[in-house]
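K.L.:
Below is the structure I would like to discuss, written out as structure tokens.
The values are calculated or read from the model by the stated rules, or taken from the named source; none is laboratory data. As the structure is a computational prediction, the values presented were derived from the model and not from experiment. In this analysis, Cβ positions are derived from the backbone assuming ideal geometry, glycine residues included, and neighbour counts consider all displayed protein chains. Each accessible area value is taken on the protein alone, full model and side chains, heavy atoms only, with ligands, DNA and RNA left out. Shrake-Rupley method; radii C 1.70, N 1.55, O 1.52, S 1.80 Å.
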Amino acid sequence: MSNDDNLEISRRRLLGTVGAAGAAGIALGAAGGAGVYAAAADSGSSASGASDATALTSVGATEALFHGKHQAGITTPLQSRGHLIAFDLAPGAGRKEAAALLRRWSTTAKALMAGEPSADDTGIALDAGPSSLTVTFGFGHSFFGRTGLTARRPTQLDALPAFSSDALDPQRSEGDLWVQIGADDALVAFHALRALQKDAGAAAKVRWQMNGFNRSAGATAKPMTARNLMGQVDGTGNPKPSEPDFDRRIFVPQGASGAQEWMAGGSYAVVRRIRMLLDDWERLPLDQQEKVIGRRKSDGAPLTGGSETTELDLNKTGADGKLVIPDNAHSRISAPEQNGGAAMLRRPFSFHDGIGPDGTPDAGLLFICWQADPLRGFVPVQRKLDRGDALSPFVRHEASGLFAVPGGAAEGEYVGQRLLES
């Protein structure tokens, strides 16, 4: 683990870590066991040999650092709780007000990520440690016009194309500012959400908010790739930091010029609220579900055999002469080799917002993917899925956003300072 990957753990002494580097790397694939760490007791002891203090539990002790080359929450192991929130700047608020807001937000995020109270702290997370809290900030397309910075808006932030399967609610899409919060404790996550909402003050108002979850740290006997609400192992094909082209695919390179200069070390987040039509899906027999995905439900292995991490054999046919992985299977259509090498780092949360008027669950995936250029990552893959993915009848894209997420703040800086003060 390195500073560049923002995988720093607690400055408290730890005995070991489990889960950040499993078969599926660090994004959704790490959710099943990521963030499971063992913490040692403090060294202080009384004369009798008993410990003076009780150490935090393993989940509470983990800490992601605020400062670094990249913002935390991109390559950080996926947490069990998450909040996504978009803000619009208030009428009359501009660059000066935006800079002051990002300065306040950065101060609050730095304190809370270290397990320290924020200014005017509400006490919601008293007794808890950092719990792997991350707070990640991004800018939407409209932010640049509101702040007089249109000339510095990267072309990579141009609007995503329309897709035939979209049923987007504009009130729950886009936004001037975007914040992603993740933590392994629900109260710690909510505490951060509440603190940032209060910090917004008169400068910005909430446009939309979405709440998500994943499997809790330590819930499985061993680290493993998480499952989504369809029960499918999800995240196996994520690019991994160990791959030589990982940074090139996920992060804007250092030394970027022109409108992207301030984005060096940053990434672009595509955010989609994807409702899963679970009643329809669960009526499908198991073998049909597996053909839709192209993988076994039990362990995520390709239908062509092997284990979860075995490469898909896209040319293999069965005794009937038909492709073992159907030509419209989700795993086939989304595979990088089927999309000119297009890749993105998927790091989503599941959601469940109750039961709709028709009696069906309002549940699915808060899809978040990261890439150096959405026109080379998300867009080509989604275009292909839009044309014939067998999974399409069972999902509905209900909200969408694209955000420029700048690189991490150096010591003494706030997030976005290189854009707002240069």
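K.L.:
For the chain, modelled as a Gaussian network with Cα springs under 10 Å, which listed residue fluctuates most, Lys316, Lys205, Lys240?
P.N.:
Residue with maximal mean-square fluctuation among Lys316, Lys205, Lys240: Lys316.
K.L.:
Which residue, Ala86, Ala151, Ala264, tops the fluctuation ranking in a GNM of the chain built on C-alpha contacts under 10 Å?
P.N.:
Ala151
K.L.:
Rounded to two decimal places and with Rh computed the Kirkwood way over Cα pairs, what is Rg over Rh for the stretch 232-315?
P.N.:
Radius of gyration relative to Kirkwood radius: 1.13.
K.L.:
Separate question: Using the crude model of +1 on Lys and Arg Cβ and -1 on Asp and Glu Cβ, and no other charge, please compute the dipole size for the stretch 346-422 relative to its Cα centre, in debye to 20. Don't skip to the end; give the middle numbers.
P.N.:
Numbers: 8 positive and 10 negative charges, 89 e Å.
So the dipole magnitude of the stretch 346-422 works out to roughly 420 debye.
K.L.:
Would you give the gap between the C-alpha center of the stretch 133-173 and the C-alpha center of the stretch 189-231, rounded to a whole Å?
P.N.:
Measuring centre to centre over Cα atoms gives 20 Å.
K.L.:
Moving on to the next point. Over all directions, how big on average is the projection of the convex hull of the alpha-carbon atoms in the stretch 259-358, in square nanometres?
P.N.:
Averaging across all directions leaves 10.3 nm² for the Cα convex hull.
K.L.:
In debye, nearest 20: dipole of the stretch 276-422 around its Cα centre with unit charges on the Cβ of K, R (+) and D, E (-)?
P.N.:
440 debye
K.L.:
Along the stretch 250-260, what does the Karplus equation 6.51 cos²θ - 1.76 cosθ + 1.60 (θ = phi - 60°) give for ³J(HN,Hα), rounded to whole Hz, x for Gly and Pro?
P.N.:
Listing the rounded values in order: 9, 10, 5, x, 4, x, 4, 10, x, 5, 9 Hz.
K.L.:
In square angstrom, what is the accessible area per residue of the stretch 364-412 with a 1.4 angstrom probe? Numbers along the way, then the final one.
P.N.:
Working: 1560 Å² over 49 residues.
Heavy-atom accessible area per residue stands at 32 Å².
K.L.:
Divide the volume of the convex hull of the Cα atoms of the stretch 194-268 by its number of residues and quote the answer in cubic angstrom per residue. If you can, show how the numbers build up before the last one.
P.N.:
Details: hull volume 14.4 nm³, N = 75.
Given the Cα convex hull of the stretch 194-268, per-residue volume reads 192 Å³.
K.L.:
How many percent of the accessible area of the stretch 243-390 is carbon or sulfur, using a 1.4 Å probe? Don't skip to the answer; put the middle values down first.
P.N.:
Working: 3210 of 6530 Å².
That share works out to 49 percent.
K.L.:
Can you find, among Gly300, Pro326, Val381, the residue farthest towards the positive end of the dipole of the stretch 283-422? Put +1 on the C-beta of Lys and Arg, -1 on that of Asp and Glu.
P.N.:
Result: Pro326, furthest along the dipole toward the positive end.
K.L.:
May I ask you to give the percent of accessible area on the stretch 65-186 that is carbon plus sulfur, with a probe radius of 1.4 Å?
P.N.:
Carbon and sulfur together cover 52 percent of it.
K.L.:
Just Pro406, Pro154, Pro357 to compare: in a GNM of the chain, with alpha carbon springs under 10 Å, which one fluctuates most?
P.N.:
Residue with maximal mean-square fluctuation among Pro406, Pro154, Pro357: Pro357.
K.L.:
Between Asp313 and Asp287, how high is the FRET efficiency from 1/(1 + (r/R0)^6) when r is the Cβ-Cβ distance and R₀ = 22 Å? Nearest 0.05.
P.N.:
Efficiency at R0 = 22 Å is approximately 0.75.
K.L.:
For the stretch 309-390, restrict the atom set to alpha-carbon positions and state the Rg and Dmax in Å.
P.N.:
16.2, 46
K.L.:
Choose one of Ile368, Pro285, Ala192: the residue whose Cα lies farthest towards the positive end of the charge dipole of the chain (beta-carbon charges +1 Lys, Arg; -1 Asp, Glu; about the Cα centre).
P.N.:
With unit charges placed on the Cβ atoms, the residue in question is Ile368.
K.L.:
Can you give the Rg and Dmax of the chain based on its C-alpha atoms, in angstrom?
P.N.:
Looking at the chain, its Cα Rg and Dmax stand at 21.6, 77 Å.
K.L.:
Please quote Rg/Rh for the stretch 87-164 to two decimal places, taking the Kirkwood radius as Rh and restricting both calculations to Cα atoms.
P.N.:
Numbers: Rg = 16.6 Å, Rh = 15.1 Å.
Rg/Rh: 1.10.
K.L.:
Normalise the Cα radius of gyration of the stretch 99-229 by 2.2 N^0.38 Å (N = residues in it) and let me know the number. Please report the intermediate quantities before stating the final value.
P.N.:
On the way: Rg = 17.4 Å, N = 131, 2.2 N^0.38 = 14.0 Å.
Dividing the Cα radius of gyration by 2.2 N^0.38 Å gives 1.24.
K.L.:
Taking only DSSP H segments of four or more residues, each worth -39500 (n - 2.57), what value at 222 nm results for the chain once the sum is divided by all its residues, to the nearest 500 deg cm²/dmol?
P.N.:
Only helices count here, giving -5000 deg cm²/dmol.
K.L.:
Also, quick follow-up: Accessible area per residue of the stretch 92-168 at 1.4 Å probe, in Å²? Before the final figure, lay out each step's value.
P.N.:
Numbers: 3390 Å² over 77 residues.
Heavy-atom accessible area per residue stands at 44 Å².
K.L.:
Might you tell me the accessible area per residue for the stretch 213-340, computed with a 1.4 Å probe and given in Å²? Don't skip to the end; give the middle numbers.
P.N.:
On the way: 6020 Å² over 128 residues.
Averaged over the residues of the stretch 213-340, the accessible area is 47 Å².
K.L.:
Non-local amide H neighbours of Ala93 (under 5 Å, H modeled in plane, Pro and chain starts lacking H): which ones?
P.N.:
When sequence neighbours closer than 5 places are left aside, there are no close amide H contacts.
K.L.:
Across the stretch 134-144, in residue order, what do the Karplus-derived ³J(HN,Hα) couplings come to in whole Hz, using 6.51 cos²θ - 1.76 cosθ + 1.60 with θ = phi - 60° and x for Gly and Pro?
P.N.:
Each residue of the stretch 134-144 in turn: 10, 10, 10, 10, x, 10, x, 3, 5, 4, 6 Hz.
K.L.:
Ignoring the sites themselves, what is the longest stretch of the chain with no GluC sites (Glu not before Pro) in a DSSP loop and at most 13 other beta-carbon atoms within 10 Å? Working shown, then result.
P.N.:
On the way: sites that count: Glu311, Glu411, Glu421.
The segment 1-310 is the longest one with no such site.
K.L.:
Same structure, new question: DSSP loop (so not H, G, I, E, B), at most 10 other Cβ within 10 Å: list which chymotrypsin sites (Phe, Trp or Tyr not before Pro) in the stretch 341-374 pass both filters.
P.N.:
Nothing satisfies the criteria.
K.L.:
Dipole of the chain, Cα-centred, from +1 at each Lys and Arg C-beta and -1 at each Asp and Glu C-beta, to the nearest 20 debye?
P.N.:
My answer is approximately 500 debye.
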